[in-house]
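Comments concern the structure below.
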Amino acid sequence: MNREEKDACVVRAQGILKTFQPEKAPLVTALDHVDFEAARGGLTALIGPDGAGKTTLMRLICGLMEPDDGSLMVCGLDVRENPQAVQDRLSYMPQKFGLYEDLSVQENMNLYADLHGVPQKERAERFAHLLEMTGLSAFTKRLAGKLSGGMKQKLGLACTLVRSPELLLLDEPTVGVDPLSRRELWEILGTLVREEHLSVLVSTAYMEEAARCGTVYVLNHGRFLAKGTPDELTRRAAGRCYTVTPPDGVPTRVLQSCLLGSPAVIDAVPAGDGVHFITRKPGQSVPLLAAHQLEARPAAERLEDAFMILLHADAEKKADGAADPERGEASAADADRNVQESAEALIASARQRPDHAPVLIEVHDLVKKFGDFTAVAHTSFEVHQGEVFGLLGPNGAGKTTTFRMLCGLLPATSGQLSVAGVNLRTARTQARANIGYVAQKFSLYKKLSAYENLRFFAGLYGIPPLEIPERIEAVAKEFSLMDRLDTPAEELPGGYLQRLSMAAALMHRPKILFLDEPTSGIDPLARRTFWQQITRLSAKGTTIIITTHFMDEAEYCDRMMIQDHGKLLVLGSPRKIREEMAMPEADMNDIFIAIVEKARREGREHDAVGNFPSGRFPVPDPRQEGVS
């Protein structure tokens with residue numbers, strides 16, 4: 001390698017092979033003879049589904065693992081020969097960064113500076129720069145465990161950068177972080193690249209983040225499917241993207257679910273008042289739309305569209321071997337008929353939904369205090385049967401506290417709260433019989449098989465023993481788990497873990513399903529499957545309460561509320577909120593940020609612990625929904 005090549009690339013991998021041999025399981029090829037380069041002084045992104053090999057590649061680059069074959073040069077050094085020398089020149093922030101929650105912000109930074117041997121004389125200036133950049137200057141004495149999720153991520157980044165590295169590796173740094181904090185984190189990265197000429201390699205589940213990078217690599221099953229600039233990759237979807245508005249009375253998520261089943265459609269997602277979808281071929285007709293006299297309009301392609309096209313093409317390539325062309329055409333025709341039939345049933349179900357379904361959750365003047373700190377302040381709203389209702393807000397906004405009170409996991413300080421007609425303040429056990437709950441961190445028993453987990457939860461929910469096998473079979477079929485029932489939970493991919501958690505929560509046929517950031521860390525393919533399941537459940541009358549940091553998922557909700565610092569800012573449908581904000585074409589990320597920033601701008605100064613002064617924030621009336 002000549003000097004010019006060495007200076008141009010901070011990472012150069014050629015023919016990298018990495019395999020793992022799990023106990024009592026077939027050999028797993030995590031990386032299959034891949035070639036990879038990361039430019040010096042720029043941002044490079046890795047995107048791919050769960051299990052694609054992104055984290056393995058990062059650990060190899062760090063010298064935490066050795067490749068089975070191939071060459072790997074990092075910062076001009078051979079990682080096999082000089083792992084410690086490479087580690088001295090880079091910084092790595094894994095998905096679960098090791099903050100010490102019982103230490104303060106300052107103490108965490110000092111500890112990491114000690115570990116990296118940063119001289120005392122360099123610390124004051126370096127720390128001041130990092131604290132100012134991350135907005136943590138006023139919080140140096142606060143314990144890390146008392147920080148919001150977004151602040152923890154920024155502290156993790158600051159600790160990673162206590163020394164100035166040549167290369168920064170970030171493994172999904174914004175998973176579980178709200179859009180406002182994500183934007184701030186990426187502004188910090190942009191500043192570091194500009195001012196310190198830092199080289200950054202980041203893996204991310206957010207396509208808008210990958211679009212900020214100079215080069216994007218798409219990884220799947222240990223192989224690279226494509227690489228290029230965001231614009232180069234996005235052009236792969238040109239001429240295949242459309243928008244369609246659903247029939248009157250049909251939620252966008254219902255039409256989306258129907259389109260995902262069509263052989264002519266590769267992908268579909270709600271977007272504003274319509275559904276954005278990708279056809280298999282440019283200009284291809286979609287029989288489902290013609291049958292309902294719905295007109296598709298051309299739409300601008302996005303990076304996520306190209307990503308989904310690449311994943312589907314890869315899946316089809318693998319399935320090509322046994323394909324019979326004549327049978328394929330017949331199968332496509334059969335699939336179209338099946339899609340049409342199931343779509344008719346789903347659309348009919350949506351149209352038959354009453355305008356005023358029964359109220360299942362009533363919240364009035366709800367307050368939760370922890371000592372002098374008010375986490376939720378005088379919040380009121382209602383949720384109807386069969387509704388998909390979103391609880392949204394920045395990290396530390398109070399939505400998780402609200403969520404836990406609704407589930408009966410946390411008692412309210414004051415106010416009225418009833419679930420399925422039962423007062424949660426006086427009869428929490430009785431109310432919980434109507435509730436299914438999927439925690440943010442899967443509450444499954446890792447050593448137990450999928451079947452054993454389902455059997456355990458069936459017993460926990462009091463299902464009679466003779467009914468348990470039949471009920472397990474029903475939920476396993478509903479969530480496509482039949483071929484995974486004997487697999488230990490710890491060996492299931494993220495998407496299957498999520499399905500198993502939902503199946504466990506629905507064992508006792510609850511009226512209400514609570515989902516706490518269920519898609520955090522889940523790739524786009526698994527998220528599509530998840531929302532199809534939610535759509536079916538809602539159509540059958542199950543009420544869904546969901547928290548999420550993926551703002552595009554707010555489009556699936558019938559209504560949502562946004563909180564900040566314990567106060568309710570917004571209550572209404574996505575369409576209503578767009579109208580109130582006068583942002584008819586904006587995506588939900590921009591709307592979320594605009595709402596929170598507007599509320600913070602309008603004279604609502606908060607004190608040192610993040611509280612708004614009492615009584616200075618008008619709370620929306622649930623009967624007059626909109627933006628405060």
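The values are calculated or read from the model by the stated rules, or taken from the named source; none is laboratory data. Keep in mind that what you see is a predicted model, and the values were worked out from it rather than measured. Heads up, the Cβs are rebuilt from the backbone with ideal geometry, glycines too, and the neighbour counts pull from every protein chain shown. Only protein heavy atoms, including side chains, enter the accessible area calculation; ligands, DNA and RNA are left aside. Shrake-Rupley method; radii C 1.70, N 1.55, O 1.52, S 1.80 Å.
The figures follow:
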| read-out | value |
| --- | --- |
| Among residues of the range 32-57, those that are modelled with pLDDT of 90 or more, farther than 15 Å from PRO230 by Cα and part of a loop (DSSP other than H, G, I, E, B), counted | 3 |
| Identity of the residue in the range 267-295, among the small types (Gly, Ala, Ser) and surrounded by 17 or more Cβ atoms within 10 Å (Cβ to Cβ), that ends up farthest from SER573 (Cα to Cα) | ALA268 |
| Subset of the range 21-31 that is under 24 Å from ALA205 (Cα atoms) and open to solvent by 40 Å² or more (accessible area, probe 1.4 Å) - its residue that is modelled with the lowest pLDDT | VAL28 |
| Selection count where residues are among the hydroxyl-bearing types (Ser, Thr, Tyr), outside any loop (DSSP other than H, G, I, E, B) and under 20 Å from ILE544 (Cβ atoms), scope the range 463-505 | 1 |
| Residue in the range 352-362 that is in contact (Cβ under 8 Å) with a residue 60 or more places away in the chain, acidic (Asp, Glu) and closer than 17 Å to THR543 by Cβ present | no |
| Tally of residues being buried (at least 22 other Cβ atoms within 10 Å of the Cβ), aliphatic (A, V, I, L, M) and more than 19 Å from ASP365 (Cβ to Cβ) across the range 381-429 | 2 |
| Single residue of GLY386, GLY408, GLY459 found to be within 29 Å of ILE522 (Cα to Cα) and touching a residue at least 60 places away in the same chain (Cβ under 8 Å) | GLY386 |
| Of all residues making up the range 32-59, the number that are among the small types (Gly, Ala, Ser) and open to solvent by 30 Å² or more (accessible area, probe 1.4 Å) | 3 |
| Residue in the range 582-589 that is polar (S, T, N, Q) and either open to solvent by 10 Å² or more (accessible area, probe 1.4 Å) or in contact with a His (Cβ under 7 Å, 6 or more places away or on another chain) (or both) present | yes |
| Single residue of the range 60-97 satisfying the filter (of a type in the set (D, E, K, R) and not in a strand (DSSP E or B)) that is most open to solvent (accessible area, probe 1.4 Å) | LYS96 |
| Pair list, Cβ < 7 Å and 6+ apart or interchain, from the range 120-144 residues that are loosely packed, with under 14 Cβ neighbours inside 10 Å to residues that are of a type outside the set (A, V, I, L, M) and not in a helix (DSSP H, G or I) | LYS141/SER104 |
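So that you can scan it fast, the table gives a plain yes or no per residue for (1) modelled with pLDDT of 85 or more; (2) over 30 Å from ASN395 (Cβ atoms); (3) buried (at least 22 other Cβ atoms within 10 Å of the Cβ):
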{"position": "GLY462", "(1), (2), (3)": "yes, yes, no"}
{"position": "VAL475", "(1), (2), (3)": "yes, yes, no"}
{"position": "GLU478", "(1), (2), (3)": "yes, yes, no"}
{"position": "ARG484", "(1), (2), (3)": "yes, yes, no"}
{"position": "GLN498", "(1), (2), (3)": "no, no, yes"}
{"position": "MET507", "(1), (2), (3)": "yes, yes, yes"}
{"position": "PRO510", "(1), (2), (3)": "yes, no, no"}
